[in-house]
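Okay, structure first, notes after.
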Amino acid sequence: METDIKRFLELACEFDENYTMTKYVVQRILGGQQEHDPRGRATVASGCVSEICAAWNLEEIYEKWRLYRQRMKCKRKNELCPETGAQFIDVTFPVKRLKDHTAGTPKCVLNKFCDEQNLDRPIYKTAMRDGDKRYISTIDVMGKKFRSRFGQPNKKMAEQVAALSALIGLDLRHILIGNWEEG
């Protein structure tokens, strides 16, 4: 069982499997053991793939593939949204992250930065996609526009993800504390 879970998590990290599916598969492999095994309880309590990997002592594997994907994104040409002219920065994060960091969310951090620098606060344009009924938001800040292609379940999450993409695009990611990215 442990070998199967660790091998699955290595593949999940390599192929950037989403949090929900990763947690589901690990819990299915664990079965009734998730209540008795401390790693199983940590998996149940996890809010992202990195926390699941930490429960199984695979932080290095997770970090290796996260850094690899980050390097590949940097090598990509800047893509612009044909409709809005926004730069695509494809990131997302689990909803649980908002509950854990209510004061230091991407939107709050970006607003605080703009206030401190006497800049206009960001303007968000949020819309529901027709195909999957998920929300995407374009942020206009400091004369630049940013957007993630990952659809979100609600407008609030779409704006938070847009703010995170703006922080990354403006090279201000360092002012946001914590590991927010998943995607």
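The values are calculated or read from the model by the stated rules, or taken from the named source; none is laboratory data. Because the structure is a prediction, the values reported are computed rather than measured. Please note: Cβ atoms are built from the backbone with ideal geometry, for glycine as well, and neighbour counts cover all protein chains shown.
A few points about this structure:
Table: residues versus (1) at pLDDT 95 or above; (2) in contact with a Lys or Arg (Cβ under 9 Å, 6 or more places away or on another chain); (3) under 17 Å from Lys155 (Cβ atoms); (4) surrounded by 14 or more Cβ atoms within 10 Å (Cβ to Cβ).
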{"site": "Gln87", "(1), (2), (3), (4)": "no, yes, no, yes"}
{"site": "Phe93", "(1), (2), (3), (4)": "no, no, yes, yes"}
{"site": "Leu98", "(1), (2), (3), (4)": "no, yes, yes, yes"}
{"site": "His101", "(1), (2), (3), (4)": "no, no, no, yes"}
{"site": "Val109", "(1), (2), (3), (4)": "no, no, no, yes"}
{"site": "Asp132", "(1), (2), (3), (4)": "no, no, yes, no"}
{"site": "Val141", "(1), (2), (3), (4)": "yes, yes, no, yes"}
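For (1) touching a helix residue (DSSP H, G or I) at 6+ places or on another chain (Cβ under 9 Å); (2) free of Cβ contacts under 8 Å to residues at least 40 places away in the same chain, each residue gets a yes or a no:
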site	(1), (2)
Gln27	yes, yes
Ala42	yes, yes
Gly47	yes, no
Glu63	yes, yes
Arg66	yes, no
Arg71	no, yes
Glu79	no, yes
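- Long-range neighbours under 9 Å by Cβ, at least six apart or interchain, first residue at positive phi within region 156-183, second surrounded by fewer than 24 Cβ atoms within 10 Å (Cβ to Cβ) and among the hydrophobic types (A, V, I, L, M, F, W, C): Gly183/Val91; Gly183/Phe150
- Close contacts from region 103-127, counting a first residue that is more than 19 Å from Glu181 (Cβ to Cβ) and free of Cβ contacts under 8 Å to residues at least 24 places away in the same chain and a second that is of a type in the set (Lys, Arg) and surrounded by fewer than 19 Cβ atoms within 10 Å (Cβ to Cβ), with Cβ to Cβ under 9 Å and a gap of 6+ residues or different chains, come to Asn111/Arg121; Asp115/Arg121.
- When Tyr68, Tyr62 are screened for being aromatic (Phe, Trp, Tyr), surrounded by fewer than 16 Cβ atoms within 10 Å (Cβ to Cβ) and either at pLDDT below 95 or more than 16 Å from Ser148 (Cα to Cα) (or both), only Tyr68 passes.
- Ala162 at pLDDT 90 or above, among the hydrophobic types (A, V, I, L, M, F, W, C) and buried (at least 18 other Cβ atoms within 10 Å of the Cβ): yes
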